[in-house]
Structures are given as structure tokens and as C-alpha cells.
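Down below is the structure, laid out as C-alpha cells.
The values are calculated or read from the model by the stated rules, or taken from the named source; none is laboratory data. Computed from a predicted model, the values in this text were never measured in an experiment. Note: ideal-geometry Cβ built from the backbone for every residue, glycine included; neighbour counts use all protein chains shown. These area figures cover heavy atoms from the full protein model, side chains too; ligands, DNA and RNA do not enter into them. Shrake-Rupley method; radii C 1.70, N 1.55, O 1.52, S 1.80 Å.
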Amino acid sequence: MIIILFGRAAQFILALLTVRVATTLLSPAEMGRVSLVLTTTAFFALFLVNPVGMFINRRLHAWQSGGVAQYYFIRYSWYLLWVAFVAAIGLPLLYVQGLVSFGIPIGWLLFLVCGSLFFNTINQTAIPSLNLLGDSGRFVFLSTTTIAASFICAVFLVKLVQPSAQYWLLGLLLGQILLGGIGTKIFFARLQQTGGGHVSTEIRRTHLQVLFNFAWPVAIAAGLGWVQGQGYRYFMEGRLGLAQLGIFVAGYGISAGMISAFESVLTTYFQPRLYRAASIGGPASQAKAWQRYAAAVIPSLLLTVALIVMLAPELTRIFLGKNFQAAADYLVWGALAEAARVLTGVYSMIAHVFMRTKWLIIPNVIGAVLAITLCSMLIPTFGAAGVGIGLAVSGFAVVATMHILLARRVGGGIPIRPMLMSVILAVVLWGMALGLRQLFYSKGWFEIIVVLGFVSIAYLWFQYYFIKKHL
């Protein structure tokens with residue numbers, strides 16, 4: 001846990017540094033273009049790649065024991081080439097019809113999206129698989145180095161060539177390619193050492209049927225999740241323009257980055273244990289495994305959301321460039337919407353451990369419909385803030401639906417007492433932040449760092465209180 005914690009802390013710092021530099025070197029319009037390309041890539045990744053990736057996570061330990069893991073991963077790379085080919089066919093249709101104004105040449109769009117679908121997926125499959133197999137040290141090192149290499153390449157290209165979206169994204173992709181190749185080599189070497197890389201077997205129709213039965217509900221749920229969580233960007237670009245989209249995404253991205261960093265620390269440590277318990281136990285032990293997982297994640301999540309909401313002004317000053325200071329309000333809505341996303345992910349694990357992914361479809365239908373409907377209704381009145389409201393409300397509607405439909409499968413669901421304690425501690429943090437702000441009136445850099453520093457130290461101490469019992 002200590003290795004994971006320090007590694008994720010380094011990744012978090014690098015990610016926020018990346019946002020700060022990006023919003024300094026790129027204009028709001030260019031940041032809007034970056035977000036549209038990333039959103040387009042995410043659609044294909046979530047709909048076609050993520051379901052198979054989740055199946056790999058669920059089955060990796062069994063494949064390793066049977067000696068067929070390396071064989072299946074090589075076949076998976078061929079599948080990724082097919083996904084990139086599908087994207088290469090679909091993107092020109094979207095581009096020519098003018099449904100979305102990407103603002104970059106079609107050649108760049110194809111290269112960046114298709115390249116990311118293949119190389120970034122290889123990176124994000126091989127390296128996290130090391131952690132699932134118990135090699136947390138190399139997983140943390142390679143993950144951190146990927147972010148650092150991508151950041152360095154992106155800054156180098158933007159400074160040397162042109163401060164545009166395509167060169168920033170190209171730099172990110174180059175770092176992913178470099179470390180993805182190294183990570184794949186290390187991963188295959190570990191499979192050879194642990195007996196997961198020697199045996200080949202024919203992929204039969206029954207194997208594909210098992211994969212399909214698991215993956216198609218995940219694909220639908222992930223696609224609907226994309227509509228709910230990222231589809232607004234196309235809608236927002238058409239209504240408010242690229243610059244406003246760029247400012248919103250920058251503010252939202254600070255909250256998303258912080259919550260993702262928190263989430264990754266806990267999931268890196270606890271998800272391998274959850275999958276391991278799900279692989280060897282029956283329904284009763286699977287339910288208990290999920291309850292332990294939820295008890296570790298949910299109370300800590302609530303405290304993290306409270307931290308971001310109460311420190312939104314300070315976080316905006318520190319992590320965003322001067323052209324993006326209007327994004328402070330979007331940090332708040334981003335924190336709420338991302339909290340709903342993490343809670344949705346926690347409940348989704350019920351469907352994964354029981355291999356009943358069809359349970360995910362109805363909640364995600366509700367979320368997708370609500371998100372688009374609310375955003376379209378609220379943008380004319382509230383502008384970009386209407387998007388934040390729509391995302392937060394639709395996200396918690398999904399959480400409520402999942403609780404109603406899935407909690408009974410695991411004997412009741414979320415832990416009430418730790419959640420109440422997290423609310424109490426959040427109030428303590430709020431009082432501390434308010435008191436420190438009253439001591440300083442200049443709002444200079446020193447005062448901002450003091451407020452942020454003291455509140456963050458208290459937050460880390462409170463988090464230790466929640467996490468220590470689960471280690």
C-alpha cells in the first residue's frame with residue numbers, strides 16, 4: 001500500500017502539472033479541441049475495448065494458472081487492430097458530415113484516435129495487469145513513467161513546433177507508445193516466470209460465447225456511460241463554442257484528476273483482492289468481498305469530494321492558467337459528477353463479480369437519457385454551469401438506480417456508520433478551511449498554500465482513519 005500510495009501521489013502531481021502547463025501553453029479553444037479528440041477516442045475505447053478489457057481482468061488469474069495468458073493477450077492485440085480499423089472507417093463519416101467541429105485535419109484525427117486506441121490500450125492493459133499479478137512495484141513505476149514521458153514529449157512538441165491540440169496529443173501518444181512497449185515486454189516475461197505464457201490453445205466457439213455473454217452488456221453500459229459522462233462535449237461545442245468547452249473541461253478536469261488519483265490508489269490495492277476472492281469463492285463469499293471493497297472506498301470518496309468542493313478557489317489558482325480562472329465553479333460540479341461516477345463503478349463491481357453484466361444496462365440507460373435531456377434544457381438558462389448540474393444530477397440518478405437494483409444481491413450494500421463519520425469529518429474540514437480564510441485577506445500565493453496545506457494534512461489524517469482497518 002505504501003508503494004502504491006507514493007506512486008499514485010507522484011502520478012497525481014504529474015497529472016495536475018500537465019493540466020497547469022496545458023492551460024498555460026494552449027488557448028481555451030485548443031483545449032476544447034483536445035477534449036473533443038479525447039472524447040471521440042473514449043467512445044470507441046469504452047464501447048469496443050473496455051468490455052474485453054474487463055473480461056481480461058476477471059479471467060487473468062485463471063488464464064495464468066492454465067498457462068494460456070500470453071496466448072490470449074497476443075490475440076487481444078489483433079482485436080485492437082480491428083477496433084482501430086473500425087474507427088478509421090467511422091471517423092471520416094463523422095468529419096465529412098460536419099456533426100462536430102474538431103478544428104484539426106482529418107489525417108491528424110485518424111492518426112491520433114486510431115493510434116491511441118491501439119498503443120494506449122496496450123499500455124493500459126499490460127502495465128495494470130502486472131498489478132493484478134501482484135507486481136505493484138513495477139506497475140507503479142511504469143505508470144508514473146508513462147505520465148512523465150507523455151508530459152515531456154507533449155511540452156517539447158508544443159514549444160518546438162506549434163501550440164496546438166494535435167501536437168499536444170501527439171506528445172502524449174509518444175510517451176504511451178514508449179512505455180507501453182517496455183511494459184508489455186516486462187509483463188510477458190513475468191507470465192513466463194509464473195507459468196502463464198507457455199501454452200497455446202485454439203479459441204473455440206464456446207470461448208467466444210462466454211466472452212460475448214460477458215461483454216455485450218458491458219459494451220452497452222459503457223457506451224451509455226460515455227453518452228452520460230462525455231457526450232455533452234459535442235453538444236456543448238455546438239451551443240457554446242470551443243473556448244467555453246475548453247474552460248469547462250479544464251475546471252472539470254481538476255476534479256476528475258483528483259478523484260481519479262484517489263480512486264486509482266484504492267482500486268490498485270483493493271481490486272486485485274476483490275477479483276481474487278471472486279475467482280475462488282461462491283456467491284456468499286463474493287458478496288462479502290464486495291462489501292469489504294465498498295466499505296474501503298465509499299467513505300473515503302465522500303471525504304475527497306468534500307475536500308475538492310471546499311478548496312475549489314485555491315485549486316483553480318494553483319492548477320489552471322490565467323485564461324482559465326473562470327473555471328472554479330466547474331470544479332464543484334465536476335467533483336459531484338465524478339463522485340457519482342466512482343460510486344457507479346463500485347456498484348458495477350457487483351455485476352462483474354457475479355458475471356451478470358446485464359444488470360448494468362438499465363441504470364446506464366437512465367443516466368444517458370437524463371444527462372442529455374438535462375444538459376439540453378439547462379444550457380440555454382445557465383450556460384456551462386447547466387452542463388455541470390445535468391451531469392451531477394444524472395450521475396446520482398444512476399447511483400440510486402443501481403442501489404435499488406443491486407444492493408440486495410450483496411445483502412444491503414453500503415456501510416452507513418462510516419459514511420456518517422465521513423460527513424462529520426467533512427464538516428470539520430470545511431470549518432478549518434473557512435477559519436483559515438478568515439485569517440488572510442490578501443488571497444496571495446502564500447495564503448493559498450497555507451490554506452491548502454493545512455486542510456490537506458488534516459484530510460490525509462482523516463483518510464488514514466478510514467483506510468487503516470482495511471489494510
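Assorted remarks:
- Most to least packed among 416-426, 304-314 [average Cβ atoms within 10 Å]: 304-314, 416-426
- In the context of the full set of protein chains, the chain has a per residue accessible area of 43 Å² (1.4 Å probe).
- Computed over the chain: relative contact order in percent, which uses C-alpha pairs under 8 Å that are six or more apart: 21
- Total charge dipole magnitude, segment 344-471, about the Cα centre, Cβ charges on Lys, Arg, Asp, Glu only, Debye to nearest 20: 460
- In the assembled protein chains, residue 24 presents an accessible area of approximately 90 Å² (probe radius 1.4 Å).
- Heavy-atom SASA rank of 270, 141, 382 (probe 1.4 Å, accessible area, largest first): 141, 382, 270
- Helix-only mean residue ellipticity at 222 nm for the chain, each DSSP H run of n ≥ 4 adding -39500 (n - 2.57), per residue, nearest 500: -29000 deg cm²/dmol
- Between residue 86 and residue 213, the contour length at 0.36 nm per residue exceeds the Cα-Cα span by 43.6 nm.
- The region of the chain that goes longest without hitting one of the trypsin sites (Lys or Arg not before Pro) in a DSSP loop, each with at most 14 other Cβ atoms within 10 Å, is 205-442.
- When the Cα positions of 318, 256, 125 are compared along the charge dipole of the chain, 125 comes out farthest toward the positive end, with charges on each C-beta of Lys, Arg, Asp and Glu.
- Positive-end ranking of 211, 18, 243 along the dipole of the chain, with charges on Cβ about the Cα centre, is headed by 211.
- Of the residues 260, 150, ranked by 1.4 Å probe accessible area with the largest first, the sequence reads 260, 150.
- Size of charge dipole - the chain - debye, nearest 20, with Cβ of Lys, Arg +1 and Asp, Glu -1, no other charges: 1040
- Residues of type lysines that residue 159 reaches as a straight line, Cα spacing below 25 Å, ignoring anything fewer than 8 places off in the same chain: 322
- Accessible surface of segment 346-471 [probe 1.4 Å, protein heavy atoms]: carbon and sulfur percent: 74
- The candidate values are (i) 1.02; (ii) 0.99; (iii) 0.95; the one derived from this structure for Rg/Rh (Cα atoms, Kirkwood Rh) carries the label (iii).
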